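What follows is a single structure, written as structure tokens, with notes after it.
The values are calculated or read from the model by the stated rules, or taken from the named source; none is laboratory data. Not measured: the values here are computed from a predicted model. All Cβ positions, glycine included, derive from the backbone under ideal geometry; neighbour counts span all protein chains shown.
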Amino acid sequence: MSARVPIYTAEQIRAAERPLLEEGVPLMQRAAAALAAVVRDELATPHIDPTMTGALEPVASDDPGDPRPRVLILVGSGDNGGDALYAAAQVTDVADVDALLVSDRFHEAALAAAVGAGVRRVDVTEIADVGRHYTLVVDGILGIGASREPALRGTAREAVTALLSIARSGGRMPRVVAVDIPSGLHPDTGAADDAVLPASVTVTFGAVKAGLVGGRGPEYAGDIVLVDIGLGAALASAEPAGEASVSRVVVAPTG
């Protein structure tokens, strides 16, 4: 159910998270569990492609004996990559999941959990035919720490540019779930260059970031799902930067 909620700056959200992280509250695990639930919903729900007639059918595995959908996880070096990997580990029972690591640095414990659950690492050269191979892409490259320009560089920029070229050439693009914020979108202003992957759904944690609804945010964010990970009390004394509509609010498991 849609709702009106306050929006906050990246620094306000980081300040709200800090004492909880110092107390050992498992914010990443809460975020990952909620993200996994959204991925499951996306895989289970037929979606209409506005460029085609009728609903999109899930893309099956290359293995004819395993007709499950396939998911591609784009993994950055920070917490967003960790969120995405932990979520990936929780959906391997319903999908074949590949992970593209776009940095030499990554969340090691999350990668171990993902690989242990059956997630397969792939190279950037293996995603050229993403429309034929994947039902869903999960963008976990960058989060609210992205403020430099250009935000995406190296392998991350190469991967996103390759996916964008498919869409711009009229090829079939899978639906995209952004982790917290579309990678490369400025979390406060919504500024972005053209190397940002538009999301079908953005699963944002703790609070809606101002950049999702300002600047080019509406162009890239898609439907916004707000996940309550327990920042409410910490944000109570912060002055919101405004309000926004979200498609729904979900409460993350507190374990």
For this session: Can you work out which of the residues in region 135-146 that are of a type outside the set (A, V, I, L, M, F, W, C) and not in a loop (DSSP other than H, G, I, E, B) is surrounded by the fewest Cβ atoms within 10 Å (Cβ to Cβ)?
Result: D139
For this session: Determine, yes or no, whether D228 is out of contact with any helix residue (DSSP H, G or I) (no Cβ under 7 Å at 6 or more places or on another chain), charged (D, E, K, R) and free of Cβ contacts under 8 Å to residues at least 40 places away in the same chain.
Result: yes
Exercise. Just wondering, is there one or more residues in region 181-188 that are surrounded by 16 or more Cβ atoms within 10 Å (Cβ to Cβ) and among the charged types (D, E, K, R)?
Worked result: yes
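Only one of D96, D139 is acidic (D, E), closer than 30 Å to Q12 by Cβ and under 18 Å from the mean Cα position of the chain (by Cα); which?
Working: D96 fails: closer than 30 Å to Q12 by Cβ.
Among D96, D139, only D139 is acidic (D, E), closer than 30 Å to Q12 by Cβ and under 18 Å from the mean Cα position of the chain (by Cα).
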Seminar exercise, completed: Among (1) free of Cβ contacts under 8 Å to residues at least 60 places away in the same chain; (2) within 20 Å of L74 (Cα to Cα); (3) out of contact with any His (no Cβ under 7 Å at 6 or more places or on another chain), R172 falls short only on (1)
For this session: Say whether the condition of being free of Cβ contacts under 8 Å to residues at least 40 places away in the same chain, small (G, A, S) and either farther than 24 Å from L43 by Cβ or touching a Lys or Arg at 6+ places or on another chain (Cβ under 9 Å) (or both) is met by at least one residue in region 241-254.
Result: no
Exercise. Can you spot a residue in region 152-164 that is within 16 Å of the chain's Cα centre (by Cα), at pLDDT 85 or above, part of a loop (DSSP other than H, G, I, E, B) and not polar (S, T, N, Q)?
Worked result: yes
For this session: Determine which single condition A195 fails, assuming it passes every other condition in (1) surrounded by fewer than 20 Cβ atoms within 10 Å (Cβ to Cβ); (2) out of contact with any Pro (no Cβ under 7 Å at 6 or more places or on another chain).
Result: (2)
For this session: Mind listing whichever residues of region 198-254 are acidic (D, E) and more than 15 Å from D180 (Cα to Cα)?
Result: E219, E239, E243
Exercise. Can you name the strands (runs of 3 or more DSSP E) wholly within region 1-108 that have at least 1 residues being closer than 20 Å to L231 by Cα and at pLDDT below 95?
Worked result: 3-8
For this session: Restrict the check to region 186-200 and report whether at least one residue is within 14 Å of the chain's Cα centre (by Cα) and free of Cβ contacts under 8 Å to residues at least 40 places away in the same chain.
Result: yes
For this session: Only one of these is under 30 Å from E11 (Cα atoms) and surrounded by fewer than 18 Cβ atoms within 10 Å (Cβ to Cβ): R132, R120, R153. Name it.
Result: R153
Exercise. Given the structure, is A210 surrounded by fewer than 24 Cβ atoms within 10 Å (Cβ to Cβ), within 21 Å of L27 (Cβ to Cβ) and more than 15 Å from the chain's Cα centre (by Cα)?
Worked result: no
